[in-house]
Amino acid sequence: MSIIIRKNKLEDNEILAKIIRSCFHDFKVECTCGTVYSDPTTDDLYSLFKAEKSALFIAEEDGLILGCCGIFPTENLPENTTELVKFYLTKKARGKGIGKLLMENCFEKAKELGYQKVYLESLPEFSKAVSIYEKQGFQYLEKALGNSGHSGCNLWMIKELD
């Protein structure tokens with residue numbers, strides 16, 4: 001397995017939007033409103049991740065995109081906190097450590113950009129991702145932080161960076 005982790009490119013937009021939305025179908029998430037599924041920025045991640053202090057990493061093998069994970073300076077988060085966003089993998093990529101690799105790239109970039117904490121929002125249906133978050137040291141929160149616009153999410157977690 002020769003996985004390449006790289007930054008996103010304009011030509012990745014269409015396939016990334018398909019991968020993200022397919023995960024909602026794969027994990028039988030019924031409510032898609034108030035989530036990344038219906039968020040219009042999902043169709044143009046390249047432009048979204050031009051924002052200062054943000055990054056989106058892509059996992060690729062033999063020219064095939066397997067998934068993505070990024071960090072974003074979500075509005076109204078506490079100081080020195082970024083949000084872990086767009087963590088989605090194709091069926092083929094799940095269970096192979098690719099998600100962990102993507103996430104670790106995000107943690108390194110977050111530290112490089114001066115962040116001390118990483119926040120995320122998710123759904124219980126994404127239990128496989130949630131178990132990865134737990135293994136990576138994320139702790140549950142009682143309520144949402146910041147203003148992601150994803151009111152459909154009902155799991156919130158935070159992690160202190162080393």
**Report entry** Qualifying positions in region 35-64 - among the hydrophobic types (A, V, I, L, M, F, W, C), surrounded by fewer than 18 Cβ atoms within 10 Å (Cβ to Cβ) and part of a strand (DSSP E or B)
**Finding:** 64
Query raised in the report: What pairs can you find where one residue is in region 72-92 and over 18 Å from residue 47 (Cα atoms), the other is among the polar types (S, T, N, Q) and surrounded by fewer than 12 Cβ atoms within 10 Å (Cβ to Cβ), and their Cβ atoms are less than 6 Å apart, with a gap of 6+ or different chains?
Result: 76/147
Query - Residue within region 107-124 that is surrounded by fewer than 22 Cβ atoms within 10 Å (Cβ to Cβ), part of a strand (DSSP E or B) and among the polar types (S, T, N, Q) present - result: yes
Query raised in the report: Any residue in region 71-83 that is farther than 15 Å from residue 120 by Cβ and part of a helix (DSSP H, G or I)?
Result: no
Requested in this report: Take region 130-144 and flag every residue that is part of a loop (DSSP other than H, G, I, E, B) and either within 19 Å of residue 69 (Cβ to Cβ) or of a type in the set (Val, Ile, Thr) (or both).
Outcome: 136, 137, 138
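Laboratory data are not the source of any read-out in this text; all were calculated from the coordinates shown. Just so we're clear, the structure is a prediction, and the values are computed from it rather than from any experiment. Positions of Cβ are generated from backbone atoms using ideal geometry, with glycine treated the same way; all protein chains shown enter the neighbour counts.
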